[in-house]
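Only the coordinates and a few stated rules stand behind these numbers; no lab work does. What you see is a predicted model; the values in this text were computed from it and never measured. Glycine gets a Cβ as well: all are built from the backbone with ideal geometry, and neighbour counts include every protein chain shown.
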Amino acid sequence: MKVAAIQMVSGCEVQANLQVAAALLEEAARQGAELAVLPEFFCLMGHQDSDKLAVQEPYGQGPVQQFLADQARSLGLWLVGGTLPLATPDPQRVHNTTLVFSPQGLCVARYDKLHLFRLLDAAQSFDEARVVLAGQAPVQFTLAARDGQTWTVGLSICYDLRFPELYRWHAARGADLLLVPSAFTHATGQAHWELLLRARAVENLAYVLAPAQGGLHENGRRTWGHSMVVDPWGEVMAVQAEGAAVVLAQLDKARMAQVRERLPALAHRVL
């Protein structure tokens, strides 16, 4: 199955971001991707965290969700909508949500980010919990590829990457592919991004697909990028350092089965 990690450098205007995303998704489909995954907050990287509140949508309706459904259907793709802000009962906070759309344009899975990022140091500070409400449970979905093979896909978002127990939960339930749409800061990405992605692949003997925001944004923030695909042996199959791009890789279930047979670590778990 050919997959695409969509890297973006999203700005402060939703419509402009959707236009960029549409062009990248069209390119992914043209190159044969069956699954395309957008990065975290592909639709908006605002001047301040509270800008998310102004563009939040109720689950099941809204222009960003309609865009995702239309793109999936028109391009015939499984499309994972990176993340977008969805409404919560608290008017001052949103969910940071991944939505999955089938090639028929139907929303088949929703995952609200479980772990909320906080970074406090002299140079910069982030506290996602100021405007985001954490999710409550992990989520998987099943994807039927064009060759008839079925893939079990585990969902996660950005800061979740630092919590291996989430990925072990997915592995224990048969995950073949782990998705990590992200917007890592430049500092944390430079230090830990590839290390963590390869660790999650190796630990769980699964493919990892990680699209990211990558570059200098309109709001002055710089994200690390390096969208990549990692195989179950921890080898980086494809990577893009910065800038808007389509990162493609061919996933092979036989390769994954071979690795799991060679090193049956998942069967050796005692906890």
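Each Cα pair under 8 Å and six or more residues apart adds its separation to the average, and for segment 2-268 the resulting relative contact order is 20 percent. Placing dummy labels 7 Å off each Cα toward the beta-carbon, the span from C12 to Q31 is 3.1 nm. Working from label points 7 Å from Cα in the Cα-to-Cβ sense, the Q104 to A134 distance is 3.6 nm.
For segment 106-182, the share of alpha carbon pairs falling in successive 10 Å distance bins from zero is 17, 43, 26, 11, 3, 0 percent.
Residues of segment 127-141 with an amide N closer than 11 Å to a point placed 7 Å from the Cα of E165 along the Cα-to-Cβ direction: none. Put in order of Cβ neighbour count within 10 Å, fewest first, the listed residues L120, L161 become L120, L161.
Along its three principal directions, the equivalent ellipsoid of segment 2-268 from the Cα gyration tensor extends over semi-axes of 27, 21, 18 Å, largest first.
Taking Lys and Arg as +1 and Asp and Glu as -1, the other residues whose beta-carbon sits under 13 Å from that of Q240 total -3.
Annotation: average projected area of segment 121-271 is 10.5 square nanometres, based on the convex hull of Cα atoms across all directions. Each residue of segment 86-93 was assigned a 3J(HN,Hα) from its phi angle through the Karplus curve 6.51 cos²θ - 1.76 cosθ + 1.60 (θ = phi - 60°); the sequence is 10, 5, 10, x, 8, x, 9, 9 Hz, with glycine and proline shown as x. For K253, which lysines qualify as cross-link partners when the Cα separation must be under 21 Å and same-chain residues fewer than eight apart are set aside? Excluding near neighbours in sequence, the set is K2.
In summary, the lysines within cross-link reach of K52, defined as a Cα separation below 27 angstrom excluding same-chain residues under 8 places away, comprise K113.
Helices in the chain, meaning DSSP H runs of at least 4 residues, each add -39500 (n - 2.57). Divided by all residues, the mean residue ellipticity at 222 nm is -7000 deg cm²/dmol.
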